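K.L.:
Take this structure, written in structure tokens, and hold onto it; I'll ask about it next.
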Amino acid sequence: MKIHEYQAKDLLRERGISVPVGRVATDPDEAVRAVRPLIEASGIPVVVVKAQIHAGGRGKGRFLEHPDLGGVTVVTDGVEGGVEAAEAAVRSLAERMLGSTLVTLQTGPEGKQVGRLYVEAGIAIERELYLSIVLDRALGRNVVMASTEGGTEIEEVAEHTPEKIFRAIIDPAVGLLPFQAHALAWQLGLRGDAAKAGRRFLAAVADAAIALDTDMLEINPLVVTKGGDVMALDAKVSFDKNALFRQGALAPLRDLSEEDPAEVEAATYDLSFIKLDGTIGCLVNGAGLAMATMDTIKQEGGEPANFLDVGGGATTENVTAAFKIIMKDPSVRGIFVNIFGGIMKCDTIANGVVQAVKDVGLQVPLVVRLEGTNVEVGRSIIEGSGLAGLESASSMRDGARKIVELTA
């Protein structure tokens, strides 16, 4: 689960981690009302207006409707024109940004519509650094990644200057140890008061990552201010879904408008669904079989439109819902149902498919491969349905080949 920057900063602030003061706004009037208090609180006649979407690269992104405008804009009008000039500039920005579509490297060409802004106080920056706490699933531990190259995507640093990335593995039994925090602060070039602040900051962020069950907590840039403070100028946080059952306080932070509607709907039926970019819809039981099905479709020259695992205990209702979700995707030109019945019985799948087709109709080719428990009953249901456009397959490869040919 992902959250917005302003929500992430609230969580950090609650844990004593230094972040700039800011206010969230959903309309231009709210954005303007934030300017004066922020300038007065910081003593700096500068504010920053940030689009709030679940994607990185906002500063380098551009709005479809306003190609000259990025997702993060520094407003310096208050330096010469005073608060009133800064308020006027923020109003103009908010009117253009809210409701417009921001495209970044992480959103894809379709972009994301901006419904919230975060207006933040300006900061007197001395240096920009990079910091993240990432859950390494191979190690089963959080790993600190830090770099002197703040403000740059860490992928670029890893490719061009990997020696500038410093790492420390966190033992879950003891957390980030003082010597690790000291070493990281030294490698980042922090000295004197900044080093002390940096060590405290690193320890607090590492503790927050553990307490919140994050799978990534990224601060880019982490800044050293001219006064020697260390502060999170940005914050990008995502949480391990497997641990959300013990993070009840995070549930209200979920923004469903930022998530794929099909994936949200699938979750209500306990379906594992991920939208992909292909044209062949897949309905499969079991994550391993789903991956194998997608691989086989690609080997036959097709592209899967989704990952969909109905699970071992799905009912006819779940299967019907899964089929309908696939059918809602306008890019789907064919559907491959591939079921190996163990706990999940083939007749349950067959009934679900037939019911879904009767409910929504069948506008694209459908290939069904059934094997396992009650397979003969399942096949008889499919064959006796009288549905046009439906074909049976004898194996996974046979089914993949047929659906690729039918959608070519």
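K.L.:
Can you tell me which residue among K275, K236, K241 is in the same structural domain as L366 (by TED's automatic domain parsing) and among the basic types (K, R)?
P.N.:
K275
K.L.:
Also, quick follow-up: Looking only at the range 269-301, which residues are part of a strand (DSSP E or B), of a type outside the set (A, V, I, L, M, F, W, C) and crowded, with 24+ Cβ neighbours inside 10 Å?
P.N.:
G281
K.L.:
Restricting to the range 22-46, name every residue that is within 21 Å of T76 (Cβ to Cβ) and not in a helix (DSSP H, G or I).
P.N.:
Across the range 22-46, the qualifying residues are G22, R23, A25, G43, I44, P45, V46.
K.L.:
Let me ask something else about it. Only one of R15, R58 is within 30 Å of K241 (Cα to Cα) and either crowded, with 16+ Cβ neighbours inside 10 Å or among the small types (G, A, S) (or both). Can you tell me which?
P.N.:
Sole residue among the options that is within 30 Å of K241 (Cα to Cα) and either crowded, with 16+ Cβ neighbours inside 10 Å or among the small types (G, A, S) (or both): R58.
K.L.:
Of V230, V310, which residue is in contact (Cβ under 8 Å) with a residue 12 or more places away in the chain and in contact with a Ser or Thr (Cβ under 7 Å, 6 or more places away or on another chain)?
P.N.:
After ruling out the rest, the residue left standing is V230.
K.L.:
Restrict the check to the range 261-270 and report whether at least one residue is closer than 30 Å to D329 by Cα, in contact (Cβ under 8 Å) with a residue 60 or more places away in the chain and of a type outside the set (D, E, K, R).
P.N.:
For the range 261-270, residues closer than 30 Å to D329 by Cα, in contact (Cβ under 8 Å) with a residue 60 or more places away in the chain and of a type outside the set (D, E, K, R): present.
K.L.:
Out of A262, A243, A266, A249, report the one residue that is crowded, with 21+ Cβ neighbours inside 10 Å and either of a type in the set (G, A, S) or part of a strand (DSSP E or B) (or both).
P.N.:
Sole residue among the options that is crowded, with 21+ Cβ neighbours inside 10 Å and either of a type in the set (G, A, S) or part of a strand (DSSP E or B) (or both): A266.
K.L.:
Kindly indicate which of V47, V35 is crowded, with 16+ Cβ neighbours inside 10 Å, modelled with pLDDT of 95 or more, over 22 Å from the mean Cα position of the chain (by Cα) and farther than 30 Å from L202 by Cα.
P.N.:
One residue alone meets the criteria, V35.
K.L.:
Among the residues of the range 13-28, how many are without any contact (Cβ under 8 Å) to a residue 12 or more places away in the chain and more than 20 Å from A124 (Cα to Cα)?
P.N.:
Here the count works out to 1.
K.L.:
Then there is this: So how many residues does the range 128-163 have that are outside any strand (DSSP E or B), charged (D, E, K, R), surrounded by fewer than 16 Cβ atoms within 10 Å (Cβ to Cβ) and at pLDDT 90 or above?
P.N.:
2
K.L.:
Say whether the condition of being part of a helix (DSSP H, G or I), in the same structural domain as L217 (by TED's automatic domain parsing) and loosely packed, with under 13 Cβ neighbours inside 10 Å is met by at least one residue in the range 169-177.
P.N.:
No; the residues of the range 169-177 include none that is part of a helix (DSSP H, G or I), in the same structural domain as L217 (by TED's automatic domain parsing) and loosely packed, with under 13 Cβ neighbours inside 10 Å.
K.L.:
Starting from the range 129-144, keep only residues that are of a type in the set (D, E), then list their pairs with residues that are crowded, with 20+ Cβ neighbours inside 10 Å and assigned to a strand (DSSP E or B) whose Cβ atoms are within a distance under 9 Å, requiring at least 6 positions of separation or different chains.
P.N.:
Matching pairs, first to second residue: D136/N142.
K.L.:
Identify all residues within the range 302-311 that are in a loop (DSSP other than H, G, I, E, B) and closer than 16 Å to V367 by Cα; write none if there are none.
P.N.:
G302, E303, A305, listed by residue number.
K.L.:
Among the listed residues V49, V19, identify the single one that is under 23 Å from G151 (Cα atoms), part of a strand (DSSP E or B) and touching a strand residue (DSSP E or B) at 6+ places or on another chain (Cβ under 6 Å).
P.N.:
Result of the check over V49, V19: V49.
K.L.:
Give the residue, chosen from D193, D240, D277, D207, that is at pLDDT below 95, more than 30 Å from I325 (Cβ to Cβ) and of a type in the set (D, E).
P.N.:
Going through D193, D240, D277, D207 in turn, the sole match is D193.
K.L.:
Can you tell me which of G108, G81 is assigned by TED's automatic domain parsing to the domain that holds V35, modelled with pLDDT under 95, surrounded by fewer than 17 Cβ atoms within 10 Å (Cβ to Cβ) and assigned to a helix (DSSP H, G or I)?
P.N.:
G81 is the lone residue from the list that is assigned by TED's automatic domain parsing to the domain that holds V35, modelled with pLDDT under 95, surrounded by fewer than 17 Cβ atoms within 10 Å (Cβ to Cβ) and assigned to a helix (DSSP H, G or I).
K.L.:
Separate question: Suppose we filter K345, K328 for residues that are in contact (Cβ under 8 Å) with a residue 24 or more places away in the chain and touching a helix residue (DSSP H, G or I) at 6+ places or on another chain (Cβ under 7 Å); which single one remains?
P.N.:
Going through K345, K328 in turn, the sole match is K328.
K.L.:
Looking at N242, N220, which one is polar (S, T, N, Q), closer than 15 Å to R127 by Cα and within 19 Å of the chain's Cα centre (by Cα)?
P.N.:
N220
K.L.:
Which one is farthest from the chain's Cα centre (by Cα) among residues in the range 345-397 that are basic (K, R) and outside any loop (DSSP other than H, G, I, E, B)?
P.N.:
Among those residues, the one meeting the criterion is R379.
The values are calculated or read from the model by the stated rules, or taken from the named source; none is laboratory data. Treat the numbers as computed from the prediction; the structure is a model and nothing was measured. Virtual Cβ from ideal backbone geometry, glycine too; neighbours counted across all protein chains shown.
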